[in-house]
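Here is the structure we will look at, set down as structure tokens.
The values are calculated or read from the model by the stated rules, or taken from the named source; none is laboratory data. Please read these numbers as outputs of a predicted model, since none were measured by experiment. Positions of Cβ are generated from backbone atoms using ideal geometry, with glycine treated the same way; all protein chains shown enter the neighbour counts. The area values use the complete protein model at the heavy-atom level, side chains included, leaving out ligands, DNA and RNA. Shrake-Rupley method; radii C 1.70, N 1.55, O 1.52, S 1.80 Å.
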Amino acid sequence: MAKVWSKRFDNSLNPFIEKFNASIEFDRKLILEDLDCSIAHAKMLGKTKVLSSSESLKIINGLKKIKADYLEGNFSPSLPSEDIHYCIEEKLISLIGETGKKLHTGRSRNDQVGTDIRLWLRKEIDSLDILIIDLQKSLLNLAESNIYTLIPGYTHMQRAQPLSLAHHLLAYLEMFQRDRERLKEVRSRVNVSPLGAAALAGTKIKIDRNFTAAELGFEKIYKNSIDAVSDRDFCIEFVSASALAMSHLSKISEEIILWVTDEFSFARLTDKCATGSSLMPQKKNPDVPELIRGKTGRVYGHLHALLTMVKGIPLAYNKDFQEDKEPIFDTAETISSCIRAMTILINEGIEINIENLSDSVENDFSNATDLADYLVGKDVPFRTAYQVVGEIVKYCLERKILFKNLKIEEFKKFHPEFEEDVFVDLEPSNVVRSRTSEGGTGFTQVEKEVNNWQKKLLL
Ligand code: ARG
């Protein structure tokens, strides 16, 4: 197939380089956005009388026919077209003849591709938001039924203080909410039209940039044509926000992987999301969270790739930018499939071992802070109380017993302010209940937060 620019060249492209240069194999994903972009452009050219209204209409109808053919499976963009933009233009010319050659008036592929990826990313961000809300709702459901379920809280992966399981789960709702906020902010910078910046300098053709922007639902237009065709910040921001969201998915994945081990036994995998081993008949593997954890690296990699791609690129468009697509496509696909898989895992893939969880907090020293706080309540300075309790822990460890196994007389040997009621304070559920500070794990705080989330997510 002759290239659009073949008249300027004496020789044809080396066949390997032709393929090397082409992006059609991946940018065909942008077909609907490219068609919408062209329809808006053709409409605008008709409105500003650059094209006659019949020419504009003929082009629009041609583009609509291509769209219908594509949606019905009768048209699939491929080589030898170099990219989706040329592919559509070639198809249009073959459909409607000479008039089709007028579509590219007053624009360049540089502003066109920028418009296409922004339209595509905007749509992806909107569907991601819905997916994240679904995930938040599943976590909230689980939280709602586990306000009074206790779970050991860890710092440094060492038992720290007992928590309400709901409080633990609500921490993830907060993280995913920040992910939504970040994506929303990225969307506001994605939603700016570069169309009409042409190659880099604007155009002498009478175009109306605000018209095409409004047609395509963009909030505003780029103020500087050079910036418009060179800006890939929004791609990096999208992948960066996604990388952070993946880190949150990876964190909860890791916890679930730990929870379903025999050693933790905080939860079990149902058959819905677990797989067996080819060799060991007893195995039930947490493949889903492991895959999510593993896929996190891909998105981090894409972020690195994009940052490196833009480093030191002079203004304005450079072909390096063609490399923006695969990272953002794969990021969007990876993160949405991981969010979906995590939602299914939370909804039907795990069951909480409530008894095991409750037992686990009965038999440790995670109420040590409360023992110190008991003395603080009797006006003992915290640092003194802390040291007293340190001695008690040592005493118990030597005897292989817990605080609750001590007699009040033994407590008194460490500090005279200890009374019988200390045993009430040591009860794990009382420990959790007493954390009434705002944002703490106290049951009333957690109930309040569950209610707030229900309102926020409009359950
Ligand atoms: N396929 C190209 C890309 O994805 C389209 C823009 C080409 N522009 C150019 N000046 N060669 O970046």
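For the reader, a short list of remarks on this structure follows.
- Per-region count, segment 303-350, residues closer than 25 Å to W259 by Cβ and open to solvent by 50 Å² or more (accessible area, probe 1.4 Å): 5
- Just one of the numbered conditions (1) within 30 Å of I252 (Cα to Cα); (2) within 16 Å of the ligand (Cβ to nearest atom) is not true of I130: (2).
- Residue in segment 140-155 that is in contact (Cβ under 8 Å) with a residue 40 or more places away in the chain, more than 30 Å from M342 (Cβ to Cβ) and not in a helix (DSSP H, G or I) present: no
- Considered as a group, the residues in segment 181-201 that are surrounded by 17 or more Cβ atoms within 10 Å (Cβ to Cβ) and among the basic types (K, R) include one that is nearest to Y317 (Cα to Cα), and that residue is R187.
- In the condition set (1) more than 16 Å from the ligand (Cβ to nearest atom); (2) part of a helix (DSSP H, G or I); (3) buried (at least 16 other Cβ atoms within 10 Å of the Cβ), G297 is compliant with all but (3).
- T275 surrounded by 20 or more Cβ atoms within 10 Å (Cβ to Cβ) and among the hydroxyl-bearing types (S, T, Y): no
- From E90, E72, residue being over 23 Å from K319 (Cα atoms) and modelled with pLDDT of 95 or more: E72
- Looking across segment 394-431 at every residue that is of a type in the set (A, V, I, L, M) and surrounded by 15 or more Cβ atoms within 10 Å (Cβ to Cβ), the one that is nearest to L150 (Cα to Cα) is identified as V431.
- The set of residues from segment 105-125 being open to solvent by 40 Å² or more (accessible area, probe 1.4 Å) and within 12 Å of the ligand (Cβ to nearest atom) comprises just one member, R109.
- Scan segment 306-321 for residues that are closer than 13 Å to L200 by Cβ and not hydrophobic (A, V, I, L, M, F, W, C) and the total you get is 3.
- Candidate set from segment 300-317 (those that are of a type in the set (G, A, S) and outside any helix (DSSP H, G or I)); member that is nearest to the ligand (Cβ to nearest atom): A316
- The helices (runs of 4 or more DSSP H) falling completely within segment 406-459 that include 1 or more residues that are over 19 Å from N141 (Cα atoms), touching a Gly at 6+ places or on another chain (Cβ under 9 Å) and among the basic types (K, R) map to 428-433.
- Check on E98, more than 26 Å from A228 (Cβ to Cβ), at pLDDT 95 or above and open to solvent by 10 Å² or more (accessible area, probe 1.4 Å): yes
- Meets criteria (over 30 Å from A245 (Cβ atoms), away from the ligand (no atom under 16 Å from the Cβ) and open to solvent by 80 Å² or more (accessible area, probe 1.4 Å)) for K204: yes
- Residues that are among the hydrophobic types (A, V, I, L, M, F, W, C), modelled with pLDDT under 95, assigned to a loop (DSSP other than H, G, I, E, B) and open to solvent by less than 20 Å² (accessible area, probe 1.4 Å) are absent from segment 278-286 altogether.
- Looking at T441, T436, just one residue is closer than 20 Å to Q161 by Cβ, crowded, with 16+ Cβ neighbours inside 10 Å and not hydrophobic (A, V, I, L, M, F, W, C), and that residue is T441.
- Filter result (open to solvent by 10 Å² or more (accessible area, probe 1.4 Å) and polar (S, T, N, Q)) within segment 150-180: T155, Q158, Q161, Q177
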